[in-house]
Each structure stands twice: as C-alpha cells, then as structure tokens.
Ligand SMILES: [Zn+2]
C-alpha cells in the first residue's frame with residue numbers, strides 16, 4: 001500500500017544508523033520487532049503481563065462501529081513554548097509538566113482532561129476497515145480522578161504542518177532526557193482536525209506495560225502533513241507500531 005510504504009521503505013536505512021538505544025523510562029528493554037518484539041512483551045517482565053493476558057488491548061482495527069449519542073469534544077489547546085521534547089528510542093514525544101489547572105485541555109462532555117504528552121507512530125496503530133494511515137499522533141490526557149483518554153489522530157500526506165515542522169526540526173538525537181527548545185512555539189491544536197467526529201472504545205496503552213483502562217477516542221478525519229515530513233519521521237522510526245489486537249467482544253461506538 002502506498003501510504004504505508006513510506007515507513008517500510010526506510011526500515012533498512014534507519015536500522016543501519018540506529019545507535020545504542022537509551023530507554024531510561026522502562027526498566028526492562030522492549031522493542032517493536034525482534035526477540036523483544038511485541039509478541040514477547042508479556043514475557044519480558046511481570047510488569048508487562050497485561051500485554052499478553054489483557055483482554056482489552058490496543059490498537060484495534062475499527063470495523064462495525066455502532067452509531068451512538070456521544071458526548072461532544074472540546075479541545076482547549078493553545079500555542080506554547082516547545083519544551084520537554086524527547087527522542088526516546090521508540091518515538092518522538094512532547095511531554096507536558098503543567099501545574100494543576102494550567103496547560104492544554106480536552107473536554108469530553110463536561111469532564112475535563114489535561115494533555116500530558118503526545119507522540120507519533122508510523123504507520124498508524126489503529127486501522128479503519130482494515131487499513132492503516134501513513135502515521136498517527138497519540139495525544140494522551142488525564143483527568144483529576146486519574147482516568148486516561150488517548151486521542152488518536154491519523155496523519156496523511158498533504159500540506160505541510162507547521163507544528164510538526166518545528167518538532168521535527170528541533171528533535172534531539174536519541175537521548176534519555178527531555179530537552180527544552182528556547183524561543184520556539186508549537187500549538188497542539190494544529191495536530192487535530194476541525195471536525196471532531198470520532199470512534200470510541202475501551203483499550204490500553206499500546207506499548208509496555210500495556211495498561212488497560214484507557215479510553216481511546218479515534219478522530220475520523222485525518223490531518224495532513226507533507227510527504228517530506230512523513231519521510232523524515234519514517235527515516236527515524238520506520239515501524240513504531242504494535243500489531244492489531246483482538247476485540248474480544250468490545251463494542252466500538254461512533255458518533256458525530
Ligand atoms: Zn502511542
């Protein structure tokens with residue numbers, strides 16, 4: 001498939017340049033492919049058991065979604081300085097460490113979640129009707145009661161995205177720590193479509209420890225980034241995706 005080709009074609013190139021990976025956030029090493037790859041995650045560490053035994057795992061292939069009255073989404077995202085940028089050996093991620101009550105918010109109905117971090121996958125982890133998109137951004141949110149909502153936005157080739165451009169341009173070489181980028185602003189609002197129609201289902205983190213209890217909101221409308229921006233990410237991370245997980249009877253709902 002042409003859209004996914006970008007990622008796969010760069011695989012050999014990227015592995016040739018992969019340095020010793022620094023993955024300080026995780027006690028036990030894991031990877032997307034090979035001996036520590038996704039089919040082995042549940043055996044690598046008891047803390048990763050849910051990757052194997054969980055029955056509500058992510059990502060999924062979204063099919064046969066059930067029409068439903070769903071709460072409206074409101075994104076209260078704003079421009080802010082680019083900081084806590086990390087290239088962690090698995091993806092490029094922007095972490096937010098905002099004081100309580102400040103930062104970027106998502107309202108699901110009237111429940112308020114704050115944006116804790118966002119990161120990228122190539123190709124997309126979630127599929128729709130058996131097909132991945134070129135890339136996906138995961139915008140992770142948490143409410144005051146600890147509940148977690150992940151917003152998945154598909155990315156496809158089209159016009160250049162200026163927030164993605166700033167992030168790519170300033171991405172540090174692979175490191176175990178976050179960096180601040182003085183004098184550069186990004187706006188996470190540029191990473192989501194204006195149309196907020198979505199799918200919703202109960203799932204998990206898509207990397208170890210595969211913790212369940214994550215509500216995934218998958219926006220139906222993709223956001224465009226340029227072919228050059230897709231290629232640039234694929235050169236770093238050509239395949240940072242977990243395979244599709246079984247639904248095990250879960251219902252995916254969809255609404256406007
Ligand atoms: Zn993710």
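Residues of the range 130-173 that are farther than 25 Å from residue 105 by Cα and within 18 Å of the chain's Cα centre (by Cα): 131, 132, 133, 134, 157.
Annotation: residue 239 fulfils all but one of (1) within 26 Å of residue 112 (Cα to Cα); (2) within 16 Å of the ligand (Cβ to nearest atom); (3) surrounded by fewer than 19 Cβ atoms within 10 Å (Cβ to Cβ); the unmet one is (1). Every condition in (1) without any contact (Cβ under 8 Å) to a residue 12 or more places away in the chain; (2) in contact with a strand residue (DSSP E or B) (Cβ under 9 Å, 6 or more places away or on another chain) is met by residue 169 except one, and the failing one is (2).
Residues of the range 157-166 that are surrounded by 14 or more Cβ atoms within 10 Å (Cβ to Cβ) and out of contact with any strand residue (DSSP E or B) (no Cβ under 6 Å at 6 or more places or on another chain): 157, 165. Filtering the range 93-104 to residues that are surrounded by fewer than 18 Cβ atoms within 10 Å (Cβ to Cβ) and part of a strand (DSSP E or B) leaves only 95.
Within the bounds of the range 211-222, is there any residue that is in contact with a strand residue (DSSP E or B) (Cβ under 7 Å, 6 or more places away or on another chain) and under 14 Å from residue 134 (Cβ atoms)? Within the range 211-222, one or more residues are in contact with a strand residue (DSSP E or B) (Cβ under 7 Å, 6 or more places away or on another chain) and under 14 Å from residue 134 (Cβ atoms). Of the listed requirements (1) more than 15 Å from the ligand (Cβ to nearest atom); (2) in contact with a strand residue (DSSP E or B) (Cβ under 6 Å, 6 or more places away or on another chain); (3) more than 25 Å from residue 184 (Cα to Cα), residue 85 misses just one: (3). Residue count for the range 117-140 under the criterion of being under 21 Å from residue 210 (Cβ atoms), surrounded by 18 or more Cβ atoms within 10 Å (Cβ to Cβ) and within 13 Å of the ligand (Cβ to nearest atom): the result is 14.
Here, each number is a calculation from the coordinates, and none is a lab measurement. Source: prediction; values computed, not measured. Cβ atoms come from the backbone with ideal geometry, glycine included; neighbour counts cover every protein chain shown.
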